[in-house]
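Below: one structure, written as structure tokens.
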Amino acid sequence: MNWLTQKLRSTTSQIIAALFGALICTVVLTIAITLIWPFGDTVEQIFAGGTFFFVFWAALFYWAMLAPRGTRAWLRMLSILIPAMALDAMMLIGPLT
Amino acid sequence: MQQTTHKTLYNTHGWIGIISGILLFIVTFSGIPALFEEELAHWQSPNNPVLNVQYQDLDKALLTAQAQGFNHTTFFIQPASEINGNIYFAHYPEDETPAHIVKINPNDGQVIPEANSDLAELLAHLHTDLHLPHPLGRYLVGFAGMAMLLAIIAGIFIHLKWRKEFVMLRPKRSWRLLLTDQHKLLGLWSLPFTLILAFSGTILGLLGLISPILAVAAFNGDVPKATEAVLGPVATITQEYAPSQSINNFVLKQRHDMPNVEMDFIFIDGLDDKGGLIKFSGNHDTKLSSLETVTYQLADGEQIHKGSFVEKGPFQRIFAAVTPLHYVLYGNGWLKVLYALSALAACGLIVSGNMLWLERRHGGKRNADHTKVAKNHWLGQLTLGTCGGLVVATSAVIAASQVLRMFNLGHQQIQWEQALFWGTWLGLLIVPFLYHNSFKLSHFMMRASGLLLLVTLLADGFINGRWLWHSQGWVFNMQGGFLVSALLCFYFDFKIPQVREEKANKSTTKKLLPTEEQYNRDLDSVA
């Protein structure tokens, strides 16, 4: 357990969180934006998600990088990932409209 | 800003540059010829006419092309423009074999002999796909753009004294300070353009990766429906003969239906088929959009789709503006020149960033008495070989596109150009690992590039009779561009030091210690 905690706290873990954690988080968040975007037609929804994608990725990347340690970086990513995944699942299984 | 935040951003900026710098240089430098792809294509073909007719007879041109064996039912037509003075017919086979291309002179309706040079395509494809299989290369370019975007964001936050750095250059101090000042100066002055290029380049490169996921999510997995919603309808080939209407009439109809749009491409899918379509696409005259389309049925002329992104929501408008912003499809030629200079500044930024990183970590390991030259770092050698090699290889292939015409190689000239380009680049990539004096090698590369560009002008004069002082229009502009580039290479050759200069003197160094250098050393010690 100690070994795992140490690995998660490390700088390598933080970089992985910033690169891949942020990427996964961004994909899930972008899908959520596409599904709930209230303005315009379906194509507008796709481009809203697509345009936000890079902004989210950059923001989440630096949010993870600026965390004091690896575990905090992963926690930050999970704090976005879990609600966004829940929203995706909710919208894909039973859309609001 | 807290010091720890500043240090994290500083280190992240450095590491992003080190990891992606060389790839970024390739993408950015090749972006300069890609920006002038149409102009280069015009210059590389001395047979290209200058458009001097108001009306282009596309029906007659198609008949001429068909008489040359262009018997395809699915093909593109690019009408002649001010730059590209020929009517261009192209059929791209689905199996990705070479395209069948026929060019027609719009002034007399005759077929234009092939140029046998693929220079513009060779350099532009390096920028868009790195000559890697599609879509791998495109995604890699997109990731490079993302890395550039991340480095720019961190760069903005770490440069707190930007007002001072806007005008600070200390050429007579140490080599390291010179690099630092150059890096900051180039970064600050080119910031608006590099930010636009990075953002639009990332979207162009990576949207193909993310948009299918989003389209599937938005259209419940119905990919054809998603494609049709974004790109418009596709033809349903029935194999039932129905003569297509006149293309010239369709052009008139398009001008009536979308008067503010300048059509660049005409896509015909299913010529003389009952389900065949003709689709016009081009740029809006006054708004930033390159995705204006109108589609008609070929058999009865009925308009079945009109796609105008300028009338849509803000995100569709942003997407439609990406290509014009990236390839300067707005403004005039001078704006393109400004973009090209910014891209050149970004190249300088990448190289100086890599050198600065090496200086800060390995600069001190050199002998203080200068009696022995320390062995170069592999990253420095790789940077010099790849970046300098690309500059020389590009100049070499530009010169070769004209010099090789002397040997009447026909279609083989394209293979020779490619072999020369890759051979020169690969050769120069290896040289820094064998010859360790990087400064001498940098001078050699700058001189070689400048000389090759001058050879281009001489070859163009001797072989094609297109001497700079007799040229006009876009040929003159391109030749002028080569001359300025050659002079720029000689200028860099003159300005790059002959040897690595250590600190100017002890007194000046002492004065610097509490400020810039001390700060850099603090950051290094943390790293």
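The values are calculated or read from the model by the stated rules, or taken from the named source; none is laboratory data. As the structure is a computational prediction, the values presented were derived from the model and not from experiment. Ideal geometry is used to build each Cβ from the backbone, glycine not excepted, and the neighbour counts take in all protein chains shown. Note: areas computed on protein heavy atoms with side chains; ligands, DNA, RNA excluded. Shrake-Rupley method; radii C 1.70, N 1.55, O 1.52, S 1.80 Å.
Of note:
- B:95, B:222, reordered so the largest accessible area comes first (probe 1.4 Å): B:95, B:222
- Solvent accessible area, Å² - residue A:90, 1.4 Å probe, full protein context: 100
- Shielding value for A:49-59 is 6, the average number of Cβ atoms from other chains within 10 Å of each residue's Cβ.
- Alpha-carbon Rg/Rh ratio, for the range B:149-256, with Rh computed the Kirkwood way: 1.32
- The mean count of C-beta atoms from other chains within 10 Å of the C-beta of residues in B:64-76, rounded to a whole number, is 0.
- Buried solvent-accessible surface, both chains (B, A), 1.4 Å probe, Å² to nearest 100: 2600
- Residues losing 50 Å² or more accessible surface upon assembly, the range B:133-164, compared with the chain by itself, 1.4 Å: B:146, B:150
- Take residue B:361: with every protein chain present and a 1.4 Å probe, its accessible area is about 70 Å².
- The solvent-accessible area of residue B:20, taken with every protein chain present and a 1.4 Å probe, is close to 20 Å².
- The range A:37-90: C-alpha gyration tensor shape, a/c 1.5 cut-off, then a/b vs b/c: oblate
- The portion of the accessible surface of the protein assembly as shown made up by carbon and sulfur, rounded to a whole percent, is 64 (1.4 Å probe; DNA, RNA and ligands excluded).
- Per residue value of the accessible surface for chain B (all protein chains in place, 1.4 Å probe), Å²: 49
- Surface per residue (accessible, 1.4 Å probe) for the range A:23-79, Å²: 38
- Across the range B:22-37, coupling constants 3J(HN,Hα) worked out from phi with the 6.51/-1.76/1.60 Karplus curve, θ = phi - 60°, read 5, 4, 4, 4, 4, 5, 5, 5, 5, x, 5, x, 5, 5, 10, 4 Hz, and Gly and Pro carry x.
- For the peptides B:194-205, B:482-493, residues were scored by their other Cβ atoms within 10 Å and the scores averaged per peptide; the highest-first order is B:194-205, B:482-493.
- The range B:322-364 versus the range B:403-441: alpha-carbon centroid distance in Å: 24
- Rg over Rh [alpha-carbon atoms, Kirkwood Rh] for the range B:263-304: 1.07
- Protection proxy ranking of B:211-220, B:290-299 - average other beta-carbon atoms within 10 Å, highest first: B:290-299, B:211-220
- Within the range B:286-324, the residues that become at least 40 Å² less accessible when every protein chain is included than when their own chain is isolated (1.4 Å probe; DNA, RNA and ligands ignored) are B:315, B:316.
- Within 10 Å of the Cβ of each residue in A:28-37, the mean number of Cβ atoms contributed by other protein chains is 3.
- Where B:60, B:336 fall by accessible area, highest first, once all protein chains stay in place (1.4 Å): B:60, B:336
- Under Stokes-Einstein, with the Kirkwood radius over Cα pairs as Rh, the value for the protein assembly as shown at 10 °C and 1.306 mPa s is 58 µm²/s.
- Ranking by accessible area, most exposed first, for B:330, B:92, B:10, B:241 with a 1.4 Å probe: B:241, B:92, B:330, B:10
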